[in-house]
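The next block holds one structure in the form of structure tokens; read it before the comments.
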Amino acid sequence: MKIVAVPLACNANPAKLPYLTYLAYKSTKTASSAPGQAPARPAFSQRMILKASNFWNSLGRTDKRSLFDWRRRTYVLGEKIMDRIAYEEWALKGIDQVLGPSMHNLVRYTQTHRRGQDTENAKKDDRTVERVSLLYPPSLVSPPTVIESLRRMTTHRQPYHYRYLWYNVAGIVITSPLFILPAVPNIITYYLLWRAWSHWRAYMASKSVLSLIQKNLIELQPEERLDNILASSPDEKVESLPEDWTMTVHPSHASKIQHAFELPEQASVDLRRACSQAMADIRKKSSS
């Protein structure tokens with residue numbers, strides 16, 4: 001498993017933490033099967049997520065027409081709603097997909113060592129639990145900064161996602177009777193279902209990442225490829241930011257990072273969202 005730490009914006013003052021987002025994926029070594037065996041089939045949940053993502057992206061295709069152009073209109077409206085969701089939530093949801101198959105081993109490892117059991121099972125867990133590689137650009141951020149930023153994000157987001165998970169569950173219970181209305185799609189309940197599922201995934205990911213940090217299961221690795229991509233000149237005009245802030249990632253970098261690390265298409269979308277949100281947050285804080 002690998003997580004790429006991408007600095008969105010850095011300040012001239014090193015005391016200020018940079019804006020970072022995280023992209024998670026499975027390494028080729030982990031994802032591949034043993035020689036002579038058929039490739040491992042993705043988990044059912046991952047197949048469903050991929051299928052839903054492909055269906056959603058197909059709604060935005062311009063080469064397909066629909067009655068009153070409802071497909072494109074639905075896609076545009078949905079993208080505007082998703083653009084308002086914090087980029088930290090998208091990052092945590094991506095980490096959840098990668099850590100999902102190993103969460104059982106991680107929970108066993110954490111619980112065993114919390115009880116102080118120095119048994120053969122504990123020693124076996126030490127050997128079998130999978131470390132996570134955290135890649136970062138060494139010229140822009142330092143290892144302590146990356147870990148501290150990741151720790152702050154997870155500790156801040158965990159109670160938030162837990163609270164809003166139950167708010168959405170309550171909303172689902174209240175709006176579910178709308179399903180009895182004939183010929184009227186219950187869009188509100190479908191949206192609340194998606195938000196509850198999203199908050200649950202982000203909450204579980206924050207718990208897992210905190211366990212990794214506490215048990216020192218994250219291996220920091222400098223990544224020169226990321227350094228080279230972020231050092232390249234952006235294709236678009238660079239906008240200046242106040243208070244000595246500098247954007248280190250631009251929309252044109254998103255596709256380059258996606259291809260360099262063989263990430264899914266959603267990764268470039270998440271990076272572009274993170275860029276615009278970080279820029280807006282910096283300007284909002286400077287004006288207040």
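Nonpolar atom fraction for the range 131-288, defined as the carbon and sulfur part of the 1.4 Å probe accessible area, stands at 59 percent.
Protein heavy-atom accessible surface, 1.4 Å probe, per residue over the range 239-288: 51 Å². For Val173, the solvent-accessible surface computed with a 1.4 Å probe is close to 100 Å², ligands and nucleic acids excluded. The H on the amide N of Leu8, modeled in the peptide plane, is under 5 Å from the matching H of Tyr19, Leu20, Thr21, each at least 5 residues off or on a different chain. Averaged per residue, what accessible area in Å² does the range 155-229 show with a 1.4 Å probe, protein chains only? That works out to 60 Å² per residue. In terms of the Cα gyration tensor, with a ≥ b ≥ c the square roots of its eigenvalues, is the range 172-228 rounded because a/c is under 1.5, prolate because a/b exceeds b/c, or oblate? Oblate is the answer for the range 172-228, as a/c is 1.5 or above yet b/c matches or exceeds a/b.
Pairs with C-alpha atoms separated by more than 29 Å, drawn from the list Lys26/Lys256; Lys215/Lys285; Lys26/Lys284; Lys26/Lys285; Lys80/Lys285; Lys2/Lys64, are Lys215/Lys285; Lys26/Lys284; Lys26/Lys285; Lys2/Lys64. Which aspartates and glutamates does Lys16 reach when only Cα atoms under 17 Å apart count, and residues fewer than 8 places away in its own chain are ignored? Within reach: Glu148, Glu243, Asp244, Asp281. Taking amide H as placed 1.01 Å from N in the peptide plane, Glu223 has its amide H under 5 Å from the amide H of Tyr136, each at least 5 places away in sequence or on another chain.
The listed residues His250, His259, once ranked by accessible area (1.4 Å probe) with the largest placed first, stand as His259, His250. Taking the Cα centre of the range 120-279 as origin and assigning +1 to Lys and Arg Cβ atoms and -1 to Asp and Glu Cβ atoms, the resulting dipole is close to 740 debye.
The values are calculated or read from the model by the stated rules, or taken from the named source; none is laboratory data. Given the structure is predicted, the values throughout are model-derived calculations rather than measurements. Don't worry about glycine lacking a Cβ; one is built from the backbone with ideal geometry, like all the others, and counts go over all protein chains shown. The accessibility values were calculated without ligands, DNA or RNA, using every heavy atom of the protein model including side chains. Shrake-Rupley method; radii C 1.70, N 1.55, O 1.52, S 1.80 Å.
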